[in-house]
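In what follows, a structure is listed as structure tokens, so that the remarks can point back to it.
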Amino acid sequence: MLIVLVFIHVKPDQAEVFKEATLDNARNSVLEPGIARFNVIRQKDDPNRFVLIEVYRDPDAPARHKETAHYNRWREAVAGMMAEQRYSIKYDNIFPDENGWG
């Protein structure tokens, strides 16, 4: 499994529109066979900051995800909403394993 956290800071007047576009992307992303989990979280003390938690089943799944219509629709829709450039950090899963066991 590959876990990617995407950190996003959006312009204050764009936060709600960004949220709606991101929820559309997330709802479609969880239908992809290569995605085990796709969470959208929002910072409590700064509602203009979001984190996407993307859990991929295999190392090729992120590239396949970036080829989908819903990802490209999201990317184009939110491009002008950023207060600063988004960035991601990749993680290896330690616990639980892909079968849910320790």
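Listed values, structure above:
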{"item": "Mean separation of Cα contacts under 8 Å (6+ apart) over length of the chain, as relative contact order %", "result": "44"}
{"item": "On Cα atoms only, tilt of 69-78 relative to the major axis of the chain in degrees", "result": "30"}
{"item": "Under 5 Å, built H, 5+ apart or other chain: amide partners of residue 93", "result": "3"}
{"item": "Net charge dipole size for the chain [Lys, Arg +1 and Asp, Glu -1 on Cβ; Debye, nearest 20]", "result": "140"}
{"item": "Amide proton proximity set for residue 32, modelled H, under 5 Å, gap of 5+", "result": "none"}
{"item": "Degrees, to the nearest 10: 15-29 long Cα axis against longest axis of the chain", "result": "30"}
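Values in this text are rule-based calculations from the coordinates and carry no lab data. These numbers were taken from a predicted model, which means no experiment stands behind them. Counting neighbours? That spans all protein chains shown, and the Cβs are built from the backbone with ideal geometry, glycine included.
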